[in-house]
Amino acid sequence: MSITNTNTPVHINLNIRGMKTSATVAINERCDELQKQGKHVHRLGFGQSPFPVPDPIVKALQLHAEKKQYLPVAGLPELQRAVAQYHQRTQQVEIEEQHVLIGPGSKELMFLLQLAYYGDVIIPTPA
């Protein structure tokens with residue numbers, strides 16, 4: 001489902017004016033419609049899981065709730081290292097941990113990549 005907004009104000013940047021609704025937003029809106037019709041829906045469109053958060057994660061969050069400072073811009077070094085090691089182990093790709101960028105979600109990271117990188121970006125689908 002793709003919906004083009006033809007009523008976008010002229011003062012919106014040309015890079016995003018007339019963009020189609022993202023698939024995840026469209027899925028979320030469709031889930032809302034189905035739920036209003038009384039249907040049971042497992043919402044996965046925004047990466048929202050209908051499943052409970054595992055107890056070890058809840059406990060870890062509780063233990064570290066007081067840590068509210070900003071993280072390093074590129075992400076936690078331990079997580080960067082783990083991601084690099086994962087790709088080295090599973091795909092035999094040599095990635096240096098300082099070249100791994102951790103972000104809040106794939107959609108935001110892909111958007112920022114398109115803003116920062118001058119050239120073609122290939123995004124395989126489904127993604």
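Every read-out reported here was derived from the displayed coordinates using simple, explicitly stated rules and does not represent laboratory data. Note that the structure is predicted; figures quoted are calculated from it, not measured. Please note: Cβ atoms are built from the backbone with ideal geometry, for glycine as well, and neighbour counts cover all protein chains shown.
Some values worked out for this structure:
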item	result
Nearest-0.05 FRET efficiency for residue 57 and residue 85, computed from C-beta distance (R0 30 Å)	0.90
Relative contact order, percent, the chain [alpha-carbon distance under 8 Å, six or more residues apart]	12
³J(HN,Hα) computed for each position of the stretch 74-79 - Karplus, 6.51 cos²θ - 1.76 cosθ + 1.60, integer Hz, glycine/proline x	7, x, 5, x, 5, 6
Lysine pair number, Cα distance threshold 25 Å (strictly under), the chain, separation 8 or more or different chains	5
Dipole magnitude (debye, nearest 20) for the chain, charges at Cβ of Lys, Arg, Asp, Glu	420
Residue 49 versus residue 120: modelled label distance in nm, points set 7 Å from Cα along the beta carbon direction	3.7
J(HN,Hα) series, the stretch 107-119, from Karplus relation 6.51 cos²θ - 1.76 cosθ + 1.60, nearest Hz, glycine and proline x	5, 5, 5, 5, 5, 5, 4, 5, 6, 8, 9, 9, x
Relative packing of 84-96, 109-121, which averages over residues the other C-beta atoms within 10 Å, highest first	84-96, 109-121
Karplus-derived HN-Hα couplings along the stretch 20-33 (A = 6.51, B = -1.76, C = 1.60, θ = phi - 60°), whole Hz, x at Gly and Pro	6, 4, 5, 4, 5, 5, 4, 4, 4, 5, 5, 4, 4, 4
Modelled FRET efficiency - R0 35 Å, residue 69 with residue 39, Cβ distances, 0.05 increments	0.25
